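Colleague: Quick one: the structure is below, and I'll ask about it shortly.
The values are calculated or read from the model by the stated rules, or taken from the named source; none is laboratory data. Everything numeric in this text was worked out from a predicted model, so none of it was measured. No Cβ is skipped: glycine too gets one built from the backbone with ideal geometry, and neighbour counts run over all protein chains shown.
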Amino acid sequence: MKRLFNFLNQKGLRRALVAFTALLAPSIAMADDHLNTGDTAWMIMATVLVLFMTIPGLSLFYAGMVRSKNVLSVMMQCFAITALMTILWVLYVYSLAFGDGGSMNAFWGGFSNAFLANMTVDSMSGTIPESVFMTFQMTFAIITPALIVGAFAERMKFSAILIFMTLWVTFVYAPVCHWVWGGGWLGSKFAIIDFAGGTVVHINAGVAGLVACLVLGKRKGYPETAMPPHNLTLTLIGAAMLWVGWFGFNAGSELAADGTAGMAMAVTQIATATAALAWMFAEWMTHGKPSALGIASGAVAGLVAITPACGNVGPMGALVIGLASGFICFKAATTLKRMFGYDDSLDVFGVHAVGGIVGALLAGVFSATTLGVFSGQGFAEGVTSIGGQFFNQSVGVGVTIIYSGVLSFIILKVIDAVIGLRVDEEEETEGLDLASHGERGYIL
């Protein structure tokens, strides 16, 4: 090797070889200019974490809170929704949410990417492969309708659930997703801050859940008959899985492994811990004892509330958002249900809709760098004041509530008229594990 090196050096070829390599270097760099392997590796991991949130996280979280005769049905619903949303996303929902709708792009993404027609091994979305982006966003479309299950748990037909979720993801989730994240009018015209899904996921699902539980009516015997959670161990395990998976949900929404993703991770942890303690202490002062269900619910409320704000606020803003969401969601989940008498089985509206509203609105406040709370990215582009950003956030919240509420109501009423929504009284008494699936969650 030394002889070869000396030979090249003597003949002047070494200098030529170095010059030739230098000429090639820009071409090599250009070939990899759009693909960042660090970003790609992180986003693959984030995608796995978000899927982990639904199966097994949300499944276990919900399963522990229902009665033992319905534990399997709730897990089955989450599992089936995971499979169904995957196929629908591939066929056309991804295109509706993130496609180019041409002259109608402000409102929908069109069908140009239906069947993933334009996605190849080499197609990119920013610095990551489009296949990774597509799958990451798919996991959001999986968990959002799965959240709704908790509102009507223990009383809806399995066939009706599948039809409702198909129509809901098509006519509710996909449009709202496009409006906010896909280049639609809420993101482009009103510049709302929704970093990881306060409006698209949580308010959207929480409002749909409230409408669903109102349309179906109360569970047989509610509220006179006690219906306590049958296994809070499962619920705590599920809540812990949600907490861990949520780092993929929030930090992953940056679509890169950078400082904003790091800050999103940090504020997610801070807000979640604060909200868990806020709910726990509020319950302790109100009812005399802190409960496992309470601290788990508080943690989820904090996760929900920080979701829209996590890319734009700093640690001190996260503290306030966590404190506010823990206390307000505790009051919503306990006081509102008693006040209005609706049967939101697992507090989907009280935690997800209310928490999402709190987080979305406070994102408009604590994104202000002038508050000196170690802010993240600050206001959305083009917004210069707290008042302006808060107004935009209010528009996003209001539009999502009205659109999701009205469309969900229409879809539910149509399904009810065609095949019926609710199981009969005998099946409800027997439990959906046996009545709907012919199996038991427990054989004792």
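Residues are listed down the side, and each one gets a yes or a no for (1) out of contact with any Ser or Thr (no Cβ under 6 Å at 6 or more places or on another chain); (2) surrounded by fewer than 24 Cβ atoms within 10 Å (Cβ to Cβ):
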| site | (1), (2) |
| --- | --- |
| Cys310 | no, no |
| Gly314 | no, yes |
| Val320 | yes, yes |
| Glu381 | yes, yes |
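To keep it simple, each residue is scored yes or no on (1) over 30 Å from Val74 (Cα atoms); (2) of a type in the set (Asp, Glu).
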residue: Glu154; (1), (2): no, yes
residue: Ala160; (1), (2): no, no
residue: Leu167; (1), (2): no, no
residue: Thr170; (1), (2): no, no
residue: Tyr173; (1), (2): no, no
residue: Gly182; (1), (2): yes, no
residue: Trp185; (1), (2): yes, no
residue: Phe190; (1), (2): yes, no
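Colleague: Also, quick follow-up: Contact list please: Cβ distance under 9 Å, first residue in region 420-436 and at pLDDT 95 or above, second residue crowded, with 21+ Cβ neighbours inside 10 Å and among the aromatic types (Phe, Trp, Tyr), pairs at least six apart or on different chains.
Modeller: Cβ pairs passing all conditions: Leu421/Phe152; Leu421/Phe164; Arg422/Phe152.
Colleague: Read through the list (1) part of a helix (DSSP H, G or I); (2) over 23 Å from Ala153 (Cβ atoms), then give the number of the only condition that Lys331 fails.
Modeller: (2)
Colleague: Same structure again: Identify all residues within region 106-137 that are in a helix (DSSP H, G or I) and in contact (Cβ under 8 Å) with a residue 60 or more places away in the chain; write none if there are none.
Modeller: Passing the criteria: Val132, Phe133, Thr135, Phe136.
Colleague: Could you check region 339-366 and list, in sequence order, the residues that are in contact with a Pro (Cβ under 8 Å, 6 or more places away or on another chain) and either among the aromatic types (Phe, Trp, Tyr) or at negative phi (or both)?
Modeller: Asp343, Gly356, Gly359, Ala360, Ala363
Colleague: What residue, among those in region 171-192 that are within 14 Å of the chain's Cα centre (by Cα) and among the aliphatic types (A, V, I, L, M), is farthest from Ala208 (Cα to Cα)?
Modeller: Only one residue tops the list, namely Val180.
Colleague: Kindly establish whether Pro290 is surrounded by fewer than 24 Cβ atoms within 10 Å (Cβ to Cβ), assigned to a loop (DSSP other than H, G, I, E, B) and modelled with pLDDT under 95.
Modeller: no
Colleague: Let me ask something additional. Which numbered condition in (1) surrounded by fewer than 24 Cβ atoms within 10 Å (Cβ to Cβ); (2) within 23 Å of Trp181 (Cα to Cα); (3) at pLDDT 90 or above; (4) of a type in the set (A, V, I, L, M) is the only one that Ile357 fails?
Modeller: Against the list (1) surrounded by fewer than 24 Cβ atoms within 10 Å (Cβ to Cβ); (2) within 23 Å of Trp181 (Cα to Cα); (3) at pLDDT 90 or above; (4) of a type in the set (A, V, I, L, M), Ile357 comes up short only on (1).
Colleague: Which residues, counting only those in region 58-90, are within 21 Å of Leu236 (Cβ to Cβ) and aromatic (Phe, Trp, Tyr)?
Modeller: Phe61, Tyr62, Phe79, listed by residue number.
So that you can scan it fast, the table gives a plain yes or no per residue for (1) farther than 22 Å from Ala41 by Cβ; (2) surrounded by fewer than 17 Cβ atoms within 10 Å (Cβ to Cβ):
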| residue | (1), (2) |
| --- | --- |
| Ala83 | yes, yes |
| Ile87 | yes, yes |
| Gly102 | yes, yes |
| Asn105 | yes, no |
| Thr127 | no, no |
| Met134 | no, no |
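Colleague: Considering each of Ala264, Ala271 in turn, give the residue that is touching a Cys at 6+ places or on another chain (Cβ under 7 Å) and either closer than 25 Å to Ala191 by Cβ or not basic (Lys, Arg) (or both).
Modeller: Ala264
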